[in-house]
Amino acid sequence: MNLDEIIKSARGEKEVDLLLTHARIINVFSRQIVSGDIAVAGGYIVGFGSYPAKKRVDLKGRFVAPGFIDAHVHIESAMACITEFARAVIPHGTTTVVADPHEIANVLGIDGINYMIRSSEHQLMNICFTLPSCVPATHMETSGARIEADDLSPLLKTDKILALAEMMNYPGVIHGDFDVLSKIKNAKKYKKPIDGHAPGLTGKELYAYVSSGISSDHECTTLQEAQEKLMAGMHIMIREGTAAKNLHALLPLINERTSRRMMWCTDDRHPHDIIGEGHIDHIVREAVRFGLDPLTAIQMATLNPAEYFGIKDAGAVAPGRRADLVVFSDLADPCVDQVFCRGIPVAQDGEMLPEIQRPAPIPLSSAMNVNIEKIDFSIPAQSKRIRVMEVVPDQLITRQVITETFVVDNSAVSDISRDIIKIAVLDRHTGSGNIGKGFVKGFGFKQGAIASSVAHDSHNIIVVGTNDEDMKMAAESVVKMEGGLVAACDKKVCARLALPIAGLMSPEPVKTVRDKLDRLISAARQLGTDLHDPFMTLSFLALPVIPELKITDRGLVDVTRFCVVPLFL
């Protein structure tokens, strides 16, 4: 629909496609509720009031809000491709996401980013992107790619890219790293916002970070931290994901003076939470339940991120905006009844409408380069003492423990009696054959092994188990599936979830992924663990930027010293 036709429709000279009548419209500009009718033509809102229409839908006094916007999300964390992710979150009222394809970029580089962009085309929801700024996350692991400032410049020019994604390398910013500053300068050249990631940064170091042009942060965990960053001029994204939940800690910061510089995001939200709780709608409901004004909560889910990222055609029920609309009955408990995307009814009562078809999938080459024959998890004993990672339940941090080596036939092996079992990370990107080996305490396994190709941030294969044979079975299964999650015992696979899209995502519906995850967790329980989600715990043990001791394909990493350290002392 061209501009001339939109203007004619808005003037009432041309029949509109849809008229939504008897609506209670949430105006996020003024935070008011106005009763009236909404006219839609060519997928856009063109006006309010009486219009000649091809189709009328009586909303019977229900509330209509703009479609919700997730200000920062890694789609890959839902373990589903873009199409299935969209079909999972649209029924919850999320019609726009600002996605950071950081995970797939660490596996496939620019090709991975372009795959996500191509996959976002022809989707009902509005999928926008930020460009990953830290690939790889560190020099102490083998990643699938390295993205420099010059690699990002061509993409920064495009309308699909809204910002430079979370700048995790805040030491690089503060100390003037050339490539880091080049990325920031390029983003500023194209007038793109720069998202931050600076947990705990304070004082003059924070001021240096903000002085570079970084304008948001989603890592605040305390009221004091968020307040300092807000006072320094940052926009605050309040995160309520699966691994990190910050809503309740930061809710007291939201008031009439601060709310317009705050917004919601999920960051990482797994299938169980999307299906069981919801998406941005869950955050809005939770905030309202604990006392936040509903209109403020909705404004933070719509207009605020739209304005921050410069999304001019979304974020409000207003002429010229996309007809992405959320319909619900109770302002005090905004559970989504109906969703429209570009004026098309797409979801009802928490489900996609059956007539909504899936776009054709985009092909992607394999992201698995491992020689199965060379996998060897044996560890020759070198001394009587070893470093051991200790899992902290429900936390991303680990502890470093020094303990005695358990030796059998001159090899260091698992000691189930002390809950110390073997852990390893295999390079799956370059075919180098690198295997970092160590031991971990806290899984509680009495038998078997589990493995995963989801291992932040480089996403090599990570495996933990009580014996080498089951570890090898689990790792081999991951390789043969071209990525995924596996539980194995007695040299047999007990449960699996294939993630053939970059070793991170499944082409299957999110509910199917959820069901297979349930079977995997159940199988892990049979192996002896009582961790809430042992696969999520496993996925973060290879992240060498979170203290205290982690493991990569290069070996054990002492995060506080930021260096690879030996297993044996």
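Things to note:
- Residue match in the stretch 260-281 (condition: surrounded by fewer than 21 Cβ atoms within 10 Å (Cβ to Cβ), within 23 Å of PRO199 (Cβ to Cβ) and more than 21 Å from the chain's Cα centre (by Cα)): yes
- Restricting the first member to the stretch 384-396 and to residues that are surrounded by fewer than 18 Cβ atoms within 10 Å (Cβ to Cβ), and the second to residues that are of a type in the set (Asp, Glu), the beta-carbon pairs closer than 8 Å and six or more apart or on different chains are LYS384/GLU404; ARG385/GLU404.
- Filter result for ILE450 (out of contact with any Pro (no Cβ under 7 Å at 6 or more places or on another chain), among the hydrophobic types (A, V, I, L, M, F, W, C) and buried (at least 17 other Cβ atoms within 10 Å of the Cβ)): no
Condition check ((1) surrounded by fewer than 17 Cβ atoms within 10 Å (Cβ to Cβ); (2) of a type in the set (A, V, I, L, M, F, W, C); (3) more than 22 Å from GLN395 (Cα to Cα)) across all residues:
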{"site": "CYS494", "(1), (2), (3)": "no, yes, yes"}
{"site": "ALA498", "(1), (2), (3)": "no, yes, yes"}
{"site": "ILE521", "(1), (2), (3)": "no, yes, no"}
{"site": "LEU527", "(1), (2), (3)": "no, yes, no"}
{"site": "HIS532", "(1), (2), (3)": "yes, no, no"}
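- Residue within the stretch 227-235 that is touching an Asp or Glu at 6+ places or on another chain (Cβ under 9 Å), of a type in the set (D, E, K, R) and assigned to a loop (DSSP other than H, G, I, E, B) present: no
- Subset tally (residues that are over 20 Å from VAL463 (Cβ atoms) and either assigned by TED's automatic domain parsing to the domain that holds SER432 or of a type in the set (Phe, Trp, Tyr) (or both)) for the stretch 356-392: 6
- Residue tally, condition touching a residue at least 12 places away in the same chain (Cβ under 8 Å) and closer than 26 Å to MET263 by Cα, over the stretch 1-33: 10
- Residues in the stretch 508-531 that are among the hydroxyl-bearing types (Ser, Thr, Tyr) and in a loop (DSSP other than H, G, I, E, B): 1 in all.
- Among residues of the stretch 284-298, those that are free of Cβ contacts under 8 Å to residues at least 60 places away in the same chain and part of a helix (DSSP H, G or I), counted: 7
- Residue list for the stretch 198-218, restricted to those being within 22 Å of LEU152 (Cβ to Cβ) and surrounded by fewer than 22 Cβ atoms within 10 Å (Cβ to Cβ): VAL210, SER211, SER212, GLY213, SER215
- Among residues of the stretch 542-551 being surrounded by 24 or more Cβ atoms within 10 Å (Cβ to Cβ) and touching a Leu at 6+ places or on another chain (Cβ under 9 Å), the one that is farthest from ALA488 (Cα to Cα) is LYS550.
- For the stretch 299-317, the count of residues that are under 22 Å from SER30 (Cβ atoms), among the charged types (D, E, K, R) and assigned to a helix (DSSP H, G or I) is nonzero.
- Hey, ILE110 surrounded by fewer than 24 Cβ atoms within 10 Å (Cβ to Cβ) and within 24 Å of ARG342 (Cβ to Cβ) or not: no
- Some residue of the stretch 83-103 being free of Cβ contacts under 8 Å to residues at least 24 places away in the same chain and surrounded by fewer than 24 Cβ atoms within 10 Å (Cβ to Cβ): no
- Restricting attention to the stretch 416-447 and to residues that are of a type in the set (Lys, Arg) and surrounded by 23 or more Cβ atoms within 10 Å (Cβ to Cβ), the residue that is farthest from SER506 (Cα to Cα) turns out to be LYS422.
- Number of positions in the stretch 171-197 that are over 27 Å from ILE117 (Cβ atoms) and within 25 Å of the chain's Cα centre (by Cα): 1
- Count of the stretch 7-21 residues which are more than 37 Å from the chain's Cα centre (by Cα) and in a strand (DSSP E or B): 1
- Any hit, the stretch 447-454, residues being in contact with a Ser or Thr (Cβ under 7 Å, 6 or more places away or on another chain) and within 30 Å of GLN123 (Cβ to Cβ): yes
- Candidates THR95, THR83 - the one that is in a strand (DSSP E or B) and not assigned by TED's automatic domain parsing to the domain that holds GLY484: THR95
- Taking the stretch 403-502 and the strands (runs of 3 or more DSSP E) fully enclosed by it, the elements with 2 or more residues that are assigned by TED's automatic domain parsing to the domain that holds LEU556, within 30 Å of the chain's Cα centre (by Cα) and within 21 Å of SER77 (Cα to Cα) are at 420-426, 449-452, 461-465, 484-489, 492-498.
The values are calculated or read from the model by the stated rules, or taken from the named source; none is laboratory data. Since this is a predicted model, take the numbers as computed values, not measurements. Positions of Cβ are backbone-derived with ideal geometry, glycine not excepted, and every protein chain shown enters the neighbour counts.
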